[in-house]
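The values are calculated or read from the model by the stated rules, or taken from the named source; none is laboratory data. In this text the structure is predicted, and so the values were computed from the model without any measurement. Cβ sites come from the backbone with ideal geometry, for glycine too, and all protein chains shown count toward neighbours.
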Amino acid sequence: MEILFVGGTIITVDSDNRFPEAVAVRNGKIIGVGSLGETQSLLSDGHQTVDLKGKYLLPGLIDAHSHPLWAAKTRGAPVVDVRAETVPTYQAVLSKIKRRVAVAEPNEHLIFFGLDAQLHPDMESPTRALLDEIAPHNPIGIQTSNCHALYMNSKGFEVCGIDENTPTPTGSIIERDSAGRPSGKIAEAITWSALETFYTAWGDQRLNDQFKASICEFIQNGITTVTEHLYMPFYKAYYQSALNQGLSLPRVAAYQQATTADMQVENLSMGDDRLWMAGVKIHADGSPLIGNIWLSQPYLETETTLERMNLKPGHTGSVNYPQEFFEKMVRTYFAQGWQMTIHTQGDRTIDMVLDLVETILSETPRDDHRFRLEHCALMREDQIIRAQELGVLCSFFINHITHWGAPIEDALFGPERAAHYMPAGTAVKYGMKISLHADTPMTDPSGLELMQAAITRKAGDGRCLGQDECLDVMTALKSVTIDAAYQIGMEDKLGSITSGKHADFVILDQDVFQCDPNELSKINIHATYLAGELVWHNGL
Amino acid sequence: MVSKAKNRLPIITIGGFLGSGKTTLVNRILSQANGKRYVVFVNDFGAINIDFEKIETVEENRISLKNGCVCCSLNDDLVAGIADFARQEILPDAIIIEASGVSDPRALDASLDMLEAAGLTRLDTKLYVLDAYEFCNLNFEDSEYILDCAAVSDLVLLNKVDITPKDRQTALTHTLKDAAPFTNVVSTSYCSIDVSILISREIDIAVRETKKKKFNSLKAVNHTEHYKRWSAETGVLIDREQFASFARMLPKYCYRAKGILRFSDAPETPYLFDLVGYRATIEAAEKPLQLQKMSSQIVAIGDKNTLCPEYIGKKFSEILMKSPTAHLSE
């Protein structure tokens, strides 16, 4: 199978070979990038030619932190979407829940996704008693839009096997009444294991269908490589099945989730770089939108933080795990040679992690460890300098700015911290190879949307959060291609149009360099190629 | 790049499930044009009810009417089609798009955002036609989809109320109040709505017709038997924050409000105020306004049962009293 791509602008993202005339592909690999004559001579006479017709050929996009299978679990019926986009108030959320409960089968398990203390203006924490009143006969759970917390009724707690005798797992939160009985809200790792009870009740057929839809959404957005950043060993069967069915599964770098130090990390490798175990992920803290992150300066005291998020005045949060417990986990998996990716949002959390990395590296030096910090909402400049010195990399959850920018500035952290929230520009200034991510299912997959967010830093209401942190177009493009490939340890095989690499491409209708940055996310994705194969095109 | 100072073309979208009455509404708008030039983009040409004698020309994708309105078929070139109209020397009064009952409304939103970003158009009103009679026969997914759409619209036409039992209507009104708290709802049969509510230019004209008076002149006008109108004109410079709190109150009482305002912090700049449902914009006028140049004028229109002109007038007087006392000179 040989293909020649020609007749358009080829943006290689390879500084040694910027705008060649044509690209030659054989058996899913790029074998030549250069003039038409050069590349054509590499191919046999029977090769196929793809005429780009003036469009733009780029390397397939890479989302450095996502959850495709988990997205399938959390999205689509029977999950009921209650995100503020279409269900604008907490009261509207409750009334939707009531309408769903009214048509539920006996004992049907119900999940509602998208409760949002920042975007539902009248948000209250639903109590177990309230949810019992609404749904006396069905297990129900309401998951927050940031995925980190879940509110359940008594039936919900019952099916998940969580009661007054359940010890709170290290790293998780179970809110309880004075008698120790769970009062409704749980957060962090226990949320995700509780949700599995619901997903299991809905059966595999539903999950497989939804997984297909989830995969397709990445491919349609030109994303050819993703990560499964909360991989659990039983995920393998679903991936295996998707590959066996010949689905156009993007390449997946798996990061297995650790919640203890005695986990067996699966040695996973499927196909020709289609799915592999890339490392281990640990949550050092939680979500700025809930309040369970560790800060040096407290949250603002506003209606949102005090009443809707139920934080106490002066709240500076904390980390998920006792420090010794956390340290033991990191040491264990680092010593096994895995790349570590640590979920960190608060600046004090980042101090703690950097201290630990420094200690570990001084005791057991390791070149090219590519230790990653994930999301990095409130990282300070001094921490970026220190991270850069230690060889620690940052992956920024830049869509926070588009989706929650206004409340981040007005209700949570104030203008100074908002101006450097997700400080991608500062990281680049100090020479770091950064990546950007949508953290799907938290926000929808789109590499162009990530670029737009990082270049403009515009919140939903049009305000710019920190002009100094804006990226230029080329840097933003690299952060969803070659630099993202570097962060998953695949820069030799992915992330640019370079001879010897996998033939993963996206064809765009417009030039990302010429397009108004505010319009980037609207550029049409014309086609997506994975391993030299056309896996999606828009039909035009 | 600074675009030439001119008004951007207003766009009105009409959403709704299949059979809810979108086409009926389009026909009503075309027949009530009253000298206005509307361009409508519709899914199904054949469904548009146009008398032969009213037709000026027929082209492949376009029918021009003698009253100046144009009916276009909705195809892939919607963006280009609208852009053509927006670049004409004499702009139509509004573009009206019948959004398909099945396609993803977000795709349409993206196209409209693109036109808006290019400075060509502005989204004026998002209408949603809801079949009150059919609603209770739909399954959970479909009925919730409709409620989600209603929640992101400015105005819902609760249609076919003539054949919907009263108790069902009441239940649906309550459901809508819960599900779409920031959307106004108006009950109709055969989409019988005064088109002037939908299309803001009508309100512009009302502003223009307001008698010029030196000081506050608050008056109520009974527009038709269904709607009430309130309008006011004042030479008092308005405090911006006071006005914002007044504007936040308005959606509870009216479907639509519009005005030209002079604020105390920038008396030289006329501001255009536009409220559709719960969505309000206040922006500096792009070109010098000739009419009523040194006063503020505002008009609101709403249901006769909810818009109490005396009450709104009282609230408006209150904000004027809290505004600086300096008056504009003639």
Inset, instruction - Within the stretch A:86-111, track down each residue that is free of Cβ contacts under 8 Å to residues at least 24 places away in the same chain and within 26 Å of the chain's Cα centre (by Cα). - result: A:T86
Inset, instruction - List every residue pair whose Cβ atoms sit under 7 Å apart, with the two residues 6 or more apart in sequence or on different chains, where the first one lies in the stretch A:217-242 and is more than 9 Å from A:P445 (Cβ to Cβ) and the second, anywhere, is of a type in the set (K, R) and crowded, with 23+ Cβ neighbours inside 10 Å. - result: A:T224/A:R251; A:T225/A:R251; A:H229/A:K281; A:L230/A:K281
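What helices (runs of 4 or more DSSP H) lie completely within the stretch A:347-440 and have 3 or more residues being within 16 Å of the chain's Cα centre (by Cα)? Can you show your working first?
Details: elements: A:347-363, A:381-390, A:399-407, A:414-418, A:424-429.
In the stretch A:347-440, the matching helices (runs of 4 or more DSSP H) lie at A:399-407.
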Inset, instruction - Give just the number: which of (1) surrounded by fewer than 23 Cβ atoms within 10 Å (Cβ to Cβ); (2) part of a loop (DSSP other than H, G, I, E, B) does A:A117 not satisfy? - result: (1)
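If you go through the stretch B:89-112 one residue at a time, do you hit one that is more than 13 Å from chain A (Cβ to nearest Cβ), over 21 Å from B:V42 (Cα atoms) and at pLDDT below 90? Walk me through how you get there before you give the answer.
Initial filter on the stretch B:89-112 (more than 13 Å from chain A (Cβ to nearest Cβ)): B:89-103.
Pick out the ones that are also over 21 Å from B:V42 (Cα atoms) and you get B:89-90.
Restricting the remaining residues to those that are at pLDDT below 90 gives B:89-90.
Scanning the stretch B:89-112, I find at least one residue that is more than 13 Å from chain A (Cβ to nearest Cβ), over 21 Å from B:V42 (Cα atoms) and at pLDDT below 90, so the answer is yes.
Just to be sure I understand, how many residues within the stretch B:1-29 are hydrophobic (A, V, I, L, M, F, W, C), at pLDDT 85 or above and out of contact with any helix residue (DSSP H, G or I) (no Cβ under 8 Å at 6 or more places or on another chain)? I'd like the intermediate steps shown before the answer.
From the stretch B:1-29, those hydrophobic (A, V, I, L, M, F, W, C) are B:1-2, B:5, B:9, B:11-12, B:14, B:17-18, B:25-26, B:29; that's our starting set.
Remaining after also requiring at pLDDT 85 or above: B:9, B:11-12, B:14, B:25-26, B:29.
In the following step, the residues that additionally are out of contact with any helix residue (DSSP H, G or I) (no Cβ under 8 Å at 6 or more places or on another chain) were identified as B:25-26.
Residues flagged as hydrophobic (A, V, I, L, M, F, W, C), at pLDDT 85 or above and out of contact with any helix residue (DSSP H, G or I) (no Cβ under 8 Å at 6 or more places or on another chain) within the stretch B:1-29 amount to 2.
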Legend entry - Total residues in the stretch B:150-192, condition within 14 Å of chain A (Cβ to nearest Cβ) and of a type in the set (K, R): 1
Inset, instruction - For the stretch A:228-237, state whether one or more residues are hydroxyl-bearing (S, T, Y), within 15 Å of the chain's Cα centre (by Cα) and either surrounded by fewer than 24 Cβ atoms within 10 Å (Cβ to Cβ) or closer than 25 Å to A:T170 by Cα (or both). - result: yes
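When you look at A:Y239, is it closer than 28 Å to A:E491 by Cα, modelled with pLDDT of 95 or more and among the hydroxyl-bearing types (S, T, Y), yes or no? Step through it out loud before you land on a result.
Working: closer than 28 Å to A:E491 by Cα: yes; modelled with pLDDT of 95 or more: no; among the hydroxyl-bearing types (S, T, Y): yes.
Criteria not met by A:Y239.
Among the residues in the stretch B:300-314, are any more than 24 Å from the chain's Cα centre (by Cα) and modelled with pLDDT of 85 or more? Explain how you work it out, then say what you get.
Taking the stretch B:300-314 and keeping what is more than 24 Å from the chain's Cα centre (by Cα), we get B:314.
This time we only want the ones that are modelled with pLDDT of 85 or more, so: B:314.
Among the residues of the stretch B:300-314, at least one is more than 24 Å from the chain's Cα centre (by Cα) and modelled with pLDDT of 85 or more, which makes the answer yes.
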Legend entry - Test: B:S143 is over 20 Å from B:F41 (Cα atoms) and within 13 Å of chain A (Cβ to nearest Cβ): yes
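Would you tally the residues in the stretch A:35-53 being small (G, A, S) and closer than 26 Å to A:D509 by Cβ? Even if it seems obvious, please write down each step before you answer.
Just the residues of the stretch A:35-53 that are small (G, A, S), to begin with: A:35, A:37, A:41, A:44, A:46.
From the residues that got through so far, the ones that are closer than 26 Å to A:D509 by Cβ too are A:35.
Here the count works out to 1.
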Legend entry - Residue that is surrounded by fewer than 21 Cβ atoms within 10 Å (Cβ to Cβ), under 27 Å from A:C216 (Cα atoms) and either more than 12 Å from chain B (Cβ to nearest Cβ) or not β-branched (V, I, T) (or both), where the choices are A:P136, A:P78, A:P167, A:P106: A:P78
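When you look at A:Q256, is it in a strand (DSSP E or B) and of a type in the set (S, T, N, Q), yes or no? I'd like the intermediate steps shown before the answer.
Details: in a strand (DSSP E or B): yes; of a type in the set (S, T, N, Q): yes.
Against the criterion (in a strand (DSSP E or B) and of a type in the set (S, T, N, Q)), A:Q256 qualifies.
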